[in-house]
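Notes for the one structure printed next.
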Amino acid sequence: MAVLMTLPSCGGKAPETLSSERILETAGALKEKGFSVQAAHLYEQALEAPGFGEAERGNIAYLLADLELNKLADPATAYAHFLLAKNLVKDEALLKEIQQGMVAALERSGKSMAASQLLGDSTRLVPGSGKPGDRPIARIGKTQIFESEARAALDELPEQVKGQFSGPDKFDKFARQYVASRVVLDAARRAGLDQDPRVKQRLAQLQDDVLKNAYVERELAGKVSVTESDARTYYQDHQSEFKDSKTGAVRPFDEVKESCLNMARYQKQSELLNQMMERLMKAADAEFLGPK
């Protein structure tokens, strides 16, 4: 026999009666449209209603917990419903998602130790594997962090930043920062932020930016070089930029040579970028139509 439930109404109209077959469909539609509170209310009614089997109630509890965690910012209540779902659900794939939800709820509740214990120290960004002769410099849970990992991360930094950590003592400082960043990243994953749509969108944008920058760097590699002659030409063409603010006299070239070299380099880089964009726009048959 179908279970009949009522959906709260507004405007003085009689509440709509829903059968069990329409409960999840209606709640899902409410959730999709952003009516999270109303969807959660309907899920809660469903949990209390007779007529659902254990598997169905477990699925409802999971859906409610996911809503409470990711839309209603109520990790404590979400954890309780994840726990209920875990005790009712038999499907292995869904149980794995429930486990992840429980870890995220604990982490977002500020219970990082409990979250880590529940996860069983299995959250890893990069498997720990040292090279022959490599030495471990830290441990996160049961996983060792090796010196080669930290040095590889240091090598990825821009040269001006990398220079801040040259020398044994300064590398130790960087290694501590590296380990700390890994701990925070693990916590973020436990909190389920890697599955947050907004975070995914930002990561996708960052990935696009990295790809675009890598392409530009490859295109300009070895093509932007300037000489003292280029710097002097820039100096002669832009005398007004080098006037002393007090006397009005143009500063000598030797005083502004580095600045002239940098500006000449920027000019060449801009010219190459413009040429590259003209080529790419033509190859892509792209045309800017402008605002209406």
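The values are calculated or read from the model by the stated rules, or taken from the named source; none is laboratory data. Everything numeric here is computed off the predicted structure, so don't read it as measured data. So basically every Cβ, Gly included, is an ideal-geometry build from the backbone, and we count neighbours across all protein chains shown.
Which residue, of R190, R232, R251, R218, is surrounded by fewer than 10 Cβ atoms within 10 Å (Cβ to Cβ) and either among the basic types (K, R) or out of contact with any Pro (no Cβ under 9 Å at 6 or more places or on another chain) (or both)?
R218
Kindly list, by first and then second residue, each pair from a residue in the stretch 158-184 that is free of Cβ contacts under 8 Å to residues at least 60 places away in the same chain and assigned by TED's automatic domain parsing to the domain that holds K142 to a residue that is assigned to a helix (DSSP H, G or I) and polar (S, T, N, Q), limited to pairs with Cβ atoms under 8 Å and residues at least 6 apart or on different chains.
From residues that are free of Cβ contacts under 8 Å to residues at least 60 places away in the same chain and assigned by TED's automatic domain parsing to the domain that holds K142, the pairs are K170/Q164.
Which residues, counting only those in the stretch 159-188, are more than 17 Å from E149 (Cβ to Cβ) and part of a helix (DSSP H, G or I)?
Result: E159, Q160, V161, G163, Q164, P168, D169, K170, A187, A188.
Which of the residues that make up the stretch 27-57 are aliphatic (A, V, I, L, M) and either part of a helix (DSSP H, G or I) or not assigned by TED's automatic domain parsing to the domain that holds D74 (or both)?
A27, A29, L30, V37, A39, A40, L42, A46, L47, A55 - these are the residues of the stretch 27-57 that are aliphatic (A, V, I, L, M) and either part of a helix (DSSP H, G or I) or not assigned by TED's automatic domain parsing to the domain that holds D74 (or both).
Return the total of residues in the stretch 67-99 being part of a helix (DSSP H, G or I), within 16 Å of A191 (Cα to Cα) and touching a helix residue (DSSP H, G or I) at 6+ places or on another chain (Cβ under 6 Å).
Counting residues in the stretch 67-99 that are part of a helix (DSSP H, G or I), within 16 Å of A191 (Cα to Cα) and touching a helix residue (DSSP H, G or I) at 6+ places or on another chain (Cβ under 6 Å) gives 9.
Can you confirm whether T233 is of a type in the set (V, I, T) and not in a loop (DSSP other than H, G, I, E, B)?
Judged against the criteria, T233 is a match.
Among the residues of the stretch 191-230, write down those that are touching an Asp or Glu at 6+ places or on another chain (Cβ under 9 Å) and not in a helix (DSSP H, G or I).
Once the filter is applied, which keeps residues that are touching an Asp or Glu at 6+ places or on another chain (Cβ under 9 Å) and not in a helix (DSSP H, G or I), the stretch 191-230 yields A191, G192.
With the requirement that a residue be exposed (fewer than 12 other Cβ atoms within 10 Å of the Cβ) and at pLDDT 85 or above, what does the stretch 124-154 give you?
Once the filter is applied, which keeps residues that are exposed (fewer than 12 other Cβ atoms within 10 Å of the Cβ) and at pLDDT 85 or above, the stretch 124-154 yields R135, R139.
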